[in-house]
Amino acid sequence: MAKTVYIIGGGASGFFCAVNAARMDPQLKVVIIEKNNKLLSKVKISGGGRCNVTHACFEIAEMAKRYPRGGHFVKKLFHRFFTKDTIEWFRQRGISLKTEADGRMFPATDTSQTIIDCLLEEARRYGVDIRMQCAVTAIEPAAPGFRIHTAKGAVFHGDYVCVACGGFPREAQFQWLKDLGHSIEAPVPSLFTFNSPRHPISRLMGVSVEDAKVTLAGTKLQQRGPLLITHWGISGPVVLRLSAWAARELAGVQWEFRALINWLPELPEPVLRARMGAWRSEKAGQKTGGKNELGLPGRLWQFLLAHSGIDEQKRWADLPSKNLNQLIKNLLELELPVQGKTTYKDEFVTAGGVALAEIDAQTMMSKKVPGLFFTGEVIDVDGITGGYNFQNAWSTGFVAALSIVAMAAGT
């Protein structure tokens, strides 16, 4: 008798599981159930519509450090399917990936449609059955196999089930998985920008700094990298990474906190203090608002002067020590009150999901319910921005496919 696997979710990990399982075992009946009327929607919008497929990192231990939650789990997972395997999988299907300066990898065509078309073609080639607008409400073990209940009243029977439905913003939405005996790590948002409404820094919207360090006040949580000032606050890779690492802490304070910005992380305070002290004699007759020698954008420099109570027409020789000290403080530790967050470019990512202790990283199968698998963002794994969440999707999807095929074969 041919075996059947139902894959709940038509996103990246669900499709990758489906097409690989169908290819590896032509006798296996593979069905994708998608609650919406669109497939691969996150793939479509990722990377500004280009699809950040993975990251050019080829050391498992190094890659694992990019996951605020699930680093130890993905270490085991990546030994079975990793970055090089992703690149090769797409290459064999005529898609070459290119690496950008920051390590992100995109299809050479620069369009996410290339990845979508590839996955849809694989599904067509290997006879994957896709059912749209079909929301699952419950999974019921029914030895042998499972009964899958849907919102429209239909009940499907499958030998195996792979849950690839993505993350949910509220814990109550995981109830159908709790009913199977699984524990859920409470979901909280990750990868978001910091809002500082009405703060004067927002008038610098569009200004960027290539190397800044942002610290969560009162903690050791900090990140360093490019920062962008927006009309609502601050963004850029350094903020997104910090939002991921501090996701639970920030949710706990309802996203109201103080961010400390170091605009010159390469310069120790004693060096900066000595340099600026010397300017009072070296630049004695020059105005403080002239060109700065610290490499900061002009608009940011003028803002920092004003924020330190310094008139940009004042000469360096006339600069009081009190104001100089304040300027040094604002250069190395500008305090920015944050009130709220904004989702980054529609790329909604959650921290939380099915507890990793209840999933076998070698197979992606539940340790509680044999024949039940989990892939992608529904599990408590999330990466920083840069292609890491997609690599988790490809890896979990492929490993689940391998395991399902082996189970169907009785091996």
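The values are calculated or read from the model by the stated rules, or taken from the named source; none is laboratory data. Since we're looking at a predicted model, the values are computed, not measured. Cβ placement follows ideal geometry from the backbone for every residue including glycine, while neighbour counts extend to all protein chains displayed.
Here are the numbers for this structure:
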| read-out | value |
| --- | --- |
| The listed residue being under 29 Å from A142 (Cβ atoms), surrounded by fewer than 21 Cβ atoms within 10 Å (Cβ to Cβ), among the small types (G, A, S) and at pLDDT 95 or above, out of A357, A361 | A357 |
| Any hit, segment 342-354, residues being out of contact with any helix residue (DSSP H, G or I) (no Cβ under 9 Å at 6 or more places or on another chain), under 29 Å from A244 (Cα atoms) and surrounded by fewer than 17 Cβ atoms within 10 Å (Cβ to Cβ) | yes |
| Residue within segment 259-266 that is within 17 Å of L227 (Cβ to Cβ), among the charged types (D, E, K, R) and in contact (Cβ under 8 Å) with a residue 60 or more places away in the chain present | no |
| Residue within segment 231-246 that is over 17 Å from the mean Cα position of the chain (by Cα) and among the charged types (D, E, K, R) present | no |
| Inter-residue pairs, beta-carbon under 9 Å, first free of Cβ contacts under 8 Å to residues at least 40 places away in the same chain and on the phi > 0 side of the Ramachandran plot and in segment 298-310, second surrounded by 14 or more Cβ atoms within 10 Å (Cβ to Cβ) and not β-branched (V, I, T), 6+ apart | G309/N323; G309/Q326; G309/L327 |
| Segment 231-251, subset in contact (Cβ under 8 Å) with a residue 60 or more places away in the chain and either surrounded by fewer than 12 Cβ atoms within 10 Å (Cβ to Cβ) or charged (D, E, K, R) (or both), residue farthest from G383 (Cα to Cα) | R248 |
| Filter pass, Q254 being without any contact (Cβ under 8 Å) to a residue 60 or more places away in the chain and touching a Ser or Thr at 6+ places or on another chain (Cβ under 7 Å) | no |
| Every pair of residues 6+ apart whose Cβ atoms lie under 6 Å, when the first sits in segment 17-28 and is assigned by TED's automatic domain parsing to the domain that holds V399 and modelled with pLDDT of 95 or more while the second is surrounded by fewer than 20 Cβ atoms within 10 Å (Cβ to Cβ) and part of a loop (DSSP other than H, G, I, E, B) | A22/Y126; R23/Y126; Q27/A2 |
| Restricting segment 270-296 to residues that are basic (K, R) and not in a helix (DSSP H, G or I), the residue that is modelled with the lowest pLDDT | K291 |
| Members of segment 4-47 found to be under 15 Å from I148 (Cα atoms) and of a type outside the set (D, E), listed by number | T4, V5, Y6, I7, I8, G9, V30, V31, I32, I33, K35 |
| Leading residue by the ranking (nearest to the chain's Cα centre (by Cα)) among those in segment 297-346 that are in a strand (DSSP E or B) and among the polar types (S, T, N, Q) | T343 |
| Tally of residues being under 22 Å from V253 (Cβ atoms), among the small types (G, A, S) and surrounded by fewer than 22 Cβ atoms within 10 Å (Cβ to Cβ) across segment 173-192 | 1 |
| Criterion: over 19 Å from K329 (Cα atoms), aromatic (F, W, Y) and at pLDDT 95 or above - qualifying residue of W245, W301, W263 | W245 |
| Conditions (1) touching a helix residue (DSSP H, G or I) at 6+ places or on another chain (Cβ under 7 Å); (2) buried (at least 20 other Cβ atoms within 10 Å of the Cβ); (3) under 19 Å from L260 (Cβ atoms): number failed by V338 | (1) |
| Test result for A135, among the aliphatic types (A, V, I, L, M), assigned by TED's automatic domain parsing to the domain that holds V163 and more than 22 Å from the chain's Cα centre (by Cα) | yes |
| Of all residues making up segment 200-253, the number that are of a type in the set (S, T, Y), under 18 Å from T343 (Cβ atoms) and touching a Pro at 6+ places or on another chain (Cβ under 9 Å) | 1 |
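Residue-wise test of (1) at pLDDT below 95; (2) crowded, with 19+ Cβ neighbours inside 10 Å; (3) under 25 Å from R241 (Cβ atoms); (4) in the same structural domain as W255 (by TED's automatic domain parsing).
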| position | (1), (2), (3), (4) |
| --- | --- |
| A143 | yes, no, no, no |
| F146 | no, yes, no, no |
| A151 | no, no, no, no |
| Y160 | no, yes, no, no |
| C165 | no, yes, no, no |
